[in-house]
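Quick one: structure below, then a few questions.
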Amino acid sequence: MLRRWFVAPDPGRLRLRAAARAVLGIALAVLGCALAGLPLPDVITGGLVALLALFTVTDATVRAQALTTALLPAAGVPVLALATLLQGQPLARDLAFLTVAVAAVYARRWGARGHTLGVFAFMTYFVAQFLAAVPGDLPGLYGAMAIGLAAASAVRFGLWCYERRLPPAALPAPPAVPGLVGIATRQSVQVAVAGALALGLGQLLSQDRWYWAVGAAWWSFVNTTSRGETLVRGARRVLGTVIGVSAGLLAAVPAHGSLPATAVLSAVCVFGVFYTAAVSYTWMMFFVTVLVSLLYGILGALDGPLLALRVAETGLGALCAAFAVALILPITTHSTTDAWIRQAVACVHHCTAEAAARLTGSATADPAPGIAELEALLGRVRLSLAPLVHPLSPLRARKARALRVLALLDVCVREVRGLASVAADPAASHDARQVAAACRRVEAAVHALVPQAAGRPPRRTAEEPAVAQPTGTEAALGHLHALERALADLAAPLLSSPRAPLASL
């Protein structure tokens, strides 16, 4: 597992650049808060605000990212005021926390921006509990929030805006769930139940750190759709926390609250959080836990029982989330996996049609955006199938089928990417008739798997006269034939056993 995130592919070094930029932005935020003369809790708040602004804003374009970042105070300022005003009223404070948690999940129905604003609102309330903030602390906290957002924006949109040179990010829409209740509504109800359980049981463990259980339950639902995804995410959160607690003791205790040592170790943790987030949720949580240990160290509150309590509260929150997704309006892994795979196969069809049109002379055809979407969809398929392909999964036959599907979808992505590279060669000429015939065979293979794939009309290739000895036809046909074989092979695991769903849990 540790080797995986070191050797995982990083096209364009995007993970590396995002992690390095995060360290720079958060360091600038912390330095700005310190130079402004803010107390240590406010300095920590400024760094956390910058981290959230750099981590959670995931809109497709730079302009949309800037707008979402500008809107973060609209979510954070009133929630922070509410959290501090209710700090001395436990019942009202708890009810308000649950309301914020439910609203934050429901906001997912408005896409990436709603998701980001929901996460920021929830974490703002969470940080107020972490710092035990009261109304008198608001001026400093608001100042820290402003400095943190300004630092994150200066680095992300000014000093190091590498996204301007990249095509817009592909953000696949979540699949539709059968029934009258959508995903956002179902998860809102689940979060209400899980959060209430975690809050009540967490307070039985600790009257001071109960919010850890609520946070663990809530984060189990972030970036998940189905029951299986939520269960796996919760388990990985617990595992990362357990490993991180041991490392936190080894890293934070020797530092003795030293600011230089804590600053260096915190920078390493921030880099690790951003670099591993897209590869391993377990290792991301490992770095988060070590970072939390360092923060408690400089606040003078770190000890072994505190970290043991964090593990217990995290495990309790994950169990509450598991209970909620298992019994309250469950969204089965099979339904979401089937929807993601259908979207991926339909996207293969679209990319192939665009590449074939480009091969036969269309100046406007461009398979690149479709390929970016296809790779994002494949990532969603992997996430949805994670419960089934887990090393400890007892469902061996279904695990083998799921791994076969993933391998064949990998082949599809590779062949479509190769076909696009051939189509992009301006010096090559192509036999339009052979390419068109091969593309039609791919289209037939897609329709055998997903009859509704024609919902996005393909771009038809022209029946042009064959060019004598075309230089690129052989390579293009090779990719199309390999793609046709991969799609035909997909029929075996996907269609051969309809009564035994691929990913049913």
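The values are calculated or read from the model by the stated rules, or taken from the named source; none is laboratory data. All figures in this text were calculated on a predicted structure; none of them were measured in a lab. Cβ coordinates were reconstructed from backbone atoms using ideal geometry, including for glycine residues, and neighbour counts include every protein chain displayed. The area values use the complete protein model at the heavy-atom level, side chains included, leaving out ligands, DNA and RNA. Shrake-Rupley method; radii C 1.70, N 1.55, O 1.52, S 1.80 Å.
Within segment 220-232, track down each residue that is outside any loop (DSSP other than H, G, I, E, B), closer than 10 Å to ALA321 by Cβ and open to solvent by less than 40 Å² (accessible area, probe 1.4 Å).
Once the filter is applied, which keeps residues that are outside any loop (DSSP other than H, G, I, E, B), closer than 10 Å to ALA321 by Cβ and open to solvent by less than 40 Å² (accessible area, probe 1.4 Å), segment 220-232 yields only THR230.
With the requirement that a residue be more than 20 Å from ALA132 (Cβ to Cβ), part of a loop (DSSP other than H, G, I, E, B) and in contact with a helix residue (DSSP H, G or I) (Cβ under 9 Å, 6 or more places away or on another chain), what does segment 19-61 give you?
Hits for segment 19-61 are ALA36, VAL57, THR58, ASP59, ALA60, THR61.
Determine whether VAL290 is at pLDDT 90 or above and either outside any helix (DSSP H, G or I) or within 26 Å of PRO11 (Cα to Cα) (or both). Even if it seems obvious, please write down each step before you answer.
Details: at pLDDT 90 or above: yes; either outside any helix (DSSP H, G or I) or within 26 Å of PRO11 (Cα to Cα) (or both): no.
Considered against the rule, which asks whether it is at pLDDT 90 or above and either outside any helix (DSSP H, G or I) or within 26 Å of PRO11 (Cα to Cα) (or both), VAL290 comes out as no.
Give the number of residues within segment 379-399 that are surrounded by fewer than 17 Cβ atoms within 10 Å (Cβ to Cβ) and closer than 20 Å to VAL345 by Cβ.
Qualifying residue count for the region: 2.
Then there's this: Filter segment 327-348 down to the residues that are under 20 Å from ALA217 (Cβ atoms) and in contact with a Leu (Cβ under 8 Å, 6 or more places away or on another chain) and list them by number.
Of everything in segment 327-348, just one residue is under 20 Å from ALA217 (Cβ atoms) and in contact with a Leu (Cβ under 8 Å, 6 or more places away or on another chain), namely THR333.
Which residue, of LEU16, LEU35, LEU31, is of a type in the set (A, V, I, L, M), at pLDDT below 95 and within 22 Å of GLY158 (Cβ to Cβ)?
LEU16
State yes or no: is ALA213 small (Gly, Ala, Ser), at pLDDT 95 or above, touching a Leu at 6+ places or on another chain (Cβ under 7 Å) and assigned to a helix (DSSP H, G or I)?
Considered against the rule, which asks whether it is small (Gly, Ala, Ser), at pLDDT 95 or above, touching a Leu at 6+ places or on another chain (Cβ under 7 Å) and assigned to a helix (DSSP H, G or I), ALA213 comes out as yes.
Out of the residues in segment 400-418 that are touching a residue at least 40 places away in the same chain (Cβ under 8 Å) and not hydrophobic (A, V, I, L, M, F, W, C), which is farthest from CYS347 (Cα to Cα)?
The qualifying residue farthest from CYS347 (Cα to Cα) is ARG401.
Identify the residue in segment 53-74 that is open to solvent by 20 Å² or more (accessible area, probe 1.4 Å) and either touching a Pro at 6+ places or on another chain (Cβ under 7 Å) or of a type in the set (Asp, Glu) (or both) and, among all such residues, is modelled with the lowest pLDDT.
ALA60
Just for segment 317-334: of the residues that are out of contact with any Ser or Thr (no Cβ under 7 Å at 6 or more places or on another chain) and assigned to a loop (DSSP other than H, G, I, E, B), which one is surrounded by the fewest Cβ atoms within 10 Å (Cβ to Cβ)?
Step by step, filter segment 317-334, then rank; the result is ILE328.
For segment 89-99, does any single residue satisfy the condition of being of a type in the set (Val, Ile, Thr), modelled with pLDDT of 95 or more, touching a helix residue (DSSP H, G or I) at 6+ places or on another chain (Cβ under 8 Å) and part of a helix (DSSP H, G or I)?
no
Specify which of the listed residues (ALA346, ALA368, ALA356, ALA363) is over 18 Å from the mean Cα position of the chain (by Cα) and open to solvent by less than 20 Å² (accessible area, probe 1.4 Å).
Result of the check over ALA346, ALA368, ALA356, ALA363: ALA356.
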